[in-house]
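As structure tokens, the structure follows; a few thoughts come after it.
The numbers here are math on the coordinates, done by the rules we state, and not lab data. Just so it is clear, the model here is predicted, and its values are computed rather than measured. We place every Cβ from the backbone using ideal geometry, glycine too, and count neighbours over all the protein chains shown.
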Amino acid sequence: MKIRTLYQSIITVAFFLPLNIGASHAQSSASIWDGAFTDAQATRGEADYNANCVSCHAADLRGNSNTPSLRGMSFMFIWEAKSLGELFTKMRTEMPTDRPGSLSAQSYVDILSFILRTNQFPAGENELATDTKLLNQIQITSKPASN
């Protein structure tokens with residue numbers, strides 16, 4: 001009886017494994033350097049950023065004395081080695097500061113795409129997903145050294 005249960009478990013895993021791989025592949029990449037968003041998505045994000053974020057983080061994303069910069073070394077100092085999921089969650093739960101969580105999940109991920117493009121992370125062929133589990137798989141890292 002135990003052997004039969006073991007075989008049933010193996011068959012179940014073998015059947016559902018390809019489905020799970022396909023679902024996780026919906027996010028284009030696990031490396032931020034392989035293109036985790038599209039240019040079109042970042043362009044939408046720029047419009048949302050200008051409408052909702054520019055008053056605190058400035059048009060050039062450099063922030064001010066009260067808000068952090070969202071670009072360059074300042075951005076990397078805060079976010080390097082953290083996941084896109086962590087940044088997405090912070091944006092959704094705390095931004096804009098006068099009305100946190102007021103934007104759609106799509107707007108937040110589009111703004112995140114704009115921030116990534118501004119930081120010279122490359123665009124890809126697939127849009128960044130709004131699924132936090134998938135976003136948690138993508139780490140914010142410095143550019144890998146070229147061989």
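Using 0.36 nm per residue, how much length does the chain from Glu125 to Ala30 gain when fully extended, once their Cα-Cα distance is taken away? Mind dumping the intermediate values first?
Working: separation 95, 0.36 × 95 = 34.20 nm, distance 1.37 nm.
Stretched out fully, the Glu125 to Ala30 stretch lengthens by 32.8 nm.
Determine the sum of side-chain charges near Leu103: Lys and Arg each +1, Asp and Glu each -1, restricted to other residues whose C-beta is under 15 angstrom from that of Leu103. All intermediate terms of the calculation are to be shown ahead of the outcome.
On the way: positive: Arg44, Lys90, Arg92, Arg99; negative: Glu46, Asp48, Glu94, Asp98, Asp110.
Every neighbour counted, the sum reads -1.
State the Cα centre-to-centre distance between the range 117-147 and the range 71-103 in whole Å.
Comparing the Cα centres of the range 117-147 and the range 71-103, I get a distance of 14 Å.
Using a cut-off of 15 Å between alpha-carbon atoms, which aspartates and glutamates can reach Lys143, once sequence neighbours fewer than 8 places away in the same chain are excluded?
Asp34, Glu80
Pull up all non-local amide H partners of Ser83: gap of 5 or more, or a different chain, and H-to-H distance under 5 Å with H placed in the peptide plane.
Ile140
Quick one: what are the phi-derived ³J(HN,Hα) couplings along the range 134-146, Karplus 6.51/-1.76/1.60 with θ = phi - 60°, whole Hz, x for glycine and proline?
6, 5, 5, 7, 10, 8, 7, 9, 5, 4, x, 5, 7
If you keep only loop residues by DSSP, which GluC sites (Glu not before Pro) in the range 51-133 have at most 13 other Cβ atoms within 10 Å of their Cβ?
Here the sparse-neighbourhood loop sites are Glu80, Glu125.
Looking at the range 61-109, which trypsin sites (Lys or Arg not before Pro) are in a loop (DSSP not H, G, I, E or B) and have at most 14 other Cβ atoms within 10 Å? Please list the in-between numbers first.
Numbers: sites: Arg62, Arg71, Lys82, Lys90, Arg92; in loops: Arg62, Arg71, Lys82.
Counting only loop positions with at most 14 other Cβ atoms within 10 Å, the trypsin sites (Lys or Arg not before Pro) in the range 61-109 are Lys82.
If Lys and Arg each add +1 and Asp and Glu each add -1, what is the summed charge of the other residues whose beta carbon sits under 11 Å from the beta carbon of Thr38? Provide the component values of the computation, followed by the final result.
Values: positive: Arg44, Arg117; negative: Asp39, Asp110, Glu125, Glu127.
In short, -2.
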